[in-house]
Amino acid sequence: MAEGGKRLLTSCALCARVHAKCDGGRPCARCIRLLERECRDQDPVTKPKRAGQASRVSHACSSCVLGKVRCQQERPCERCCRLGKAYDCVREVKVVPETIRCLAKVTPISTVVEFPDQIRMYLLNGHRYCDPTLVRRLTDAGRMRYLHAVRSIVTEDMAQIVAREMAPGVVYPVLSPPVDLRDEPNEFPKSMLKGGVPSLVVSVITESCRKFKVVSTNGAATKLFGYTNADFNQCNKMLSNLPIGTVLPQMWMITHPLYWPVFAYTVAYTILAGRNNMYFPRLGILCKDGSCRITQAHCLVENLPRPRSPAASNSYVSMRLTFVFEDVAHAGGAHL
């Protein structure tokens with residue numbers, strides 16, 4: 001042992017680099033055997049840390065750091081959700097060097113976009129795209145559930161139009177839907193919930209009287225679309241203080257505008273039909289490099305109960321939407 005109780009670095013620099021056993025001699029037996037001419041001591045200042053050691057600390061939230069527990073890269077992490085700190089976990093995302101490089105280029109999720117009136121019109125027409133029989137069969141609770149979802153996005157005048165048209169006995173204009181969902185699967189294909197299948201998870205966080213959405217990705221989706229969790233963490237933080245319905249949410253940001261009608265109709269149909277899965281026969285996703293990848297997508301919709309613990313219910317995930325994708329084709333956005 002050296003002075004101050006610090007352990008001596010007996011391995012030479014070459015043996016330490018490949019984690020080989022070193023006898024401490026200069027030159028050591030291994031370097032003599034390999035005819036290495038430069039057998040020297042390690043430089044304690046530049047000694048590399050173990051792989052992954054720095055990244056775990058830099059990506060950990062402060063709650064997990066204080067608790068000395070492992071933290072996920074996704075935000076909010078499971079521990080913060082359990083402790084009712086989901087909002088704080090999203091807001092405190094740190095800007096690490098990797099993220100600074102990510103933000104150096106403008107991407108579909110790097111800037112705030114005001115919610116377009118074009119999408120509001122698609123959502124206004126959501127029930128008009130659907131079979132009128134589906135609307136007539138709605139219970140009062142089902143009608144209120146749909147109106148509540150619409151009101152969070154469209155203007156109050158638009159919401160009043162939807163409410164009047166969905167009243168029992170009212171005849172309204174029926175439009176041709178932008179996509180045929182007659183072949184929609186009855187259930188979400190849970191076999192696709194595997195690590196190798198590209199997926200994006202949208203978590204709706206409820207805190208007091210407000211809600212906001214965060215998105216996380218897996219490795220397969222990063223390979224397909226280019227976005228990392230660091231990209232989405234910064235986007236989540238950027239949108240966390242802005243009310244839903246005033247700015248474009250993350251999933252709309254990465255959906256090609258040509259597919260906005262498909263997205264709006266599918267969401268409206270799913271709510272009206274009371275289903276827990278969405279199906280997109282074709283959905284164009286804007287990749288990080290600006291290209292558009294055509295996919296077939298499924299989405300599992302899960303409404304999560306309010307935690308019983310008073311502390312955990314302060315800020316919790318009330319809904320989770322899991323999107324899984326299958327690559328159909330790849331084309332430049334200009335050719336769509």
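Numbers for the structure displayed
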item: Ascending count of other beta-carbon atoms within 10 Å, so fewest first, for Ser216, Ser313; result: Ser313, Ser216
item: GluC sites (Glu not before Pro) lying in DSSP loop within the stretch 114-201, provided at most 13 other Cβ fall within 10 Å; result: Glu187
item: Loop trypsin sites (Lys or Arg not before Pro), the stretch 247-298, which have at most 15 other Cβ atoms in a 10 Å radius of their Cβ (DSSP); result: Arg275
item: Farthest toward positive dipole pole in the chain [+1 Lys/Arg, -1 Asp/Glu at C-beta], among Leu258, Leu304, Thr133; result: Leu304
item: GNM top mover of Gly226, Gly169, Gly24 - the chain, alpha-carbon springs below 10 Å; result: Gly24
item: Per-bin percent of Cα-Cα distances, the stretch 138-244 [10 Å]; result: 11, 25, 32, 26, 6, 0
item: About the Cα centre, charge dipole magnitude for the chain (Lys/Arg +1, Asp/Glu -1 at Cβ), debye; result: 1380
item: Computed over the chain, the ratio Rg/Rh where both radii use C-alpha atoms and Rh is Kirkwood; result: 1.12
item: Cα-Cα over 24 Å, subset of Lys85/Lys105; Lys68/Lys194; Lys211/Lys237; result: Lys85/Lys105; Lys68/Lys194
item: Residue order, fewest to most surrounding Cβ atoms within 10 angstrom, among Lys213, Lys85, Lys21; result: Lys21, Lys213, Lys85
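A short reminder: the numbers here are calculations on the coordinates, not readings from a lab. Since the model is a prediction, treat every value here as computed from it, not as a measurement. Positions of Cβ are generated from backbone atoms using ideal geometry, with glycine treated the same way; all protein chains shown enter the neighbour counts.
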